[in-house]
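Colleague: One structure, pasted below without further comment.
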Amino acid sequence: MDALENLVKNYQLSKEPANQVEFDGMVRSAATKLQDAKLKGLSRDSLFILTYGASHALALAALRWHGYRTEKRYLTFQCLPHTLGLAPSEWRIFDQCHTRRNLAEYEGHLDIEDALLNALIDSTKQLLEKVTALGLIDAR
């Protein structure tokens, strides 16, 4: 957790006691988004946005479980090696999708290759498993 503490010192993260209700809500929201992403007839854009939203909720839930918070969306993904032990190849998928999401949000351009979309879907499902495995906050 030294890396997270360094981010606190640099005002990138703040410490805030973990909250089980908040954590559960984030996980539930992510699971709902992943379930909605399975609906037939969704556009690729909608599928991407739903799955990306689920991945962000899960990354934030992991950060919150450890008692930290950030207003910087990209940091939730960059902290995944410290909150869930993800390898660089695993969290960079989310970082890459974050960049694509920003292009869509701020410049109106969303171009997602099948390989990246499939990697996002698979990685987000794995992220859900890892976040769920964190267990109850009070049981730490």
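The values are calculated or read from the model by the stated rules, or taken from the named source; none is laboratory data. Quick caveat, the model's predicted, so the values are computed rather than measured. All Cβ positions, even for glycine, are placed from backbone atoms using ideal geometry, and neighbour counts span all protein chains on display. The area values use the complete protein model at the heavy-atom level, side chains included, leaving out ligands, DNA and RNA. Shrake-Rupley method; radii C 1.70, N 1.55, O 1.52, S 1.80 Å.
Colleague: Past 31 Å, Cα to Cα: identify those pairs from Lys9/Lys38; Lys40/Lys130; Lys38/Lys72, in the order given.
Modeller: On the way: Lys9/Lys38 41 Å; Lys40/Lys130 27 Å; Lys38/Lys72 28 Å.
Going by Cα-Cα distance, Lys9/Lys38 fall outside the 31 Å limit.
Colleague: Could I ask something else about it? Report, to the nearest whole %, how much of the accessible area of region 1-133 belongs to carbon and sulfur atoms, 1.4 Å probe, protein only. Please report the intermediate quantities before stating the final value.
Modeller: Details: 3600 of 7130 Å².
Summing carbon and sulfur atoms, their accessible area is 51 percent of the total for region 1-133.
Colleague: With +1 on the Cβ of every Lys and Arg and -1 on the Cβ of every Asp and Glu, and nothing else charged, how large is the dipole of region 39-140 about its Cα centre, in debye rounded to the nearest 20? Don't skip to the end; give the middle numbers.
Modeller: Working: 12 positive and 12 negative charges, 70 e Å.
The calculation lands at about 340 debye.
Colleague: Write down the accessible area per residue of the chain in Å², having rolled a 1.4 Å probe over the full set of protein chains. Intermediate values should be presented prior to the final figure.
Modeller: Details: 7690 Å² over 140 residues.
Accessible area per residue, the chain: 55 Å².
Colleague: Also, I was wondering about something else. Can you bin every Cα-Cα distance in the chain into 10 Å intervals starting at zero and give me the percent of pairs per bin, rounded to whole numbers?
Modeller: The percentages, shortest bin first, are 12, 43, 34, 10, 1.
Colleague: Can you give the local net charge around Ser123? Use residues other than it whose beta-carbon is closer than 15 angstrom to its beta-carbon, Lys and Arg +1, Asp and Glu -1.
Modeller: With Lys, Arg at +1 and Asp, Glu at -1, the neighbours total 0.
Colleague: May I pose another question? For region 75-122, build the charge dipole from Cβ charges (+1 Lys, Arg; -1 Asp, Glu) around the Cα centre, then report which of Phe94, Leu110, Leu84 sits farthest towards its positive end.
Modeller: Leu84
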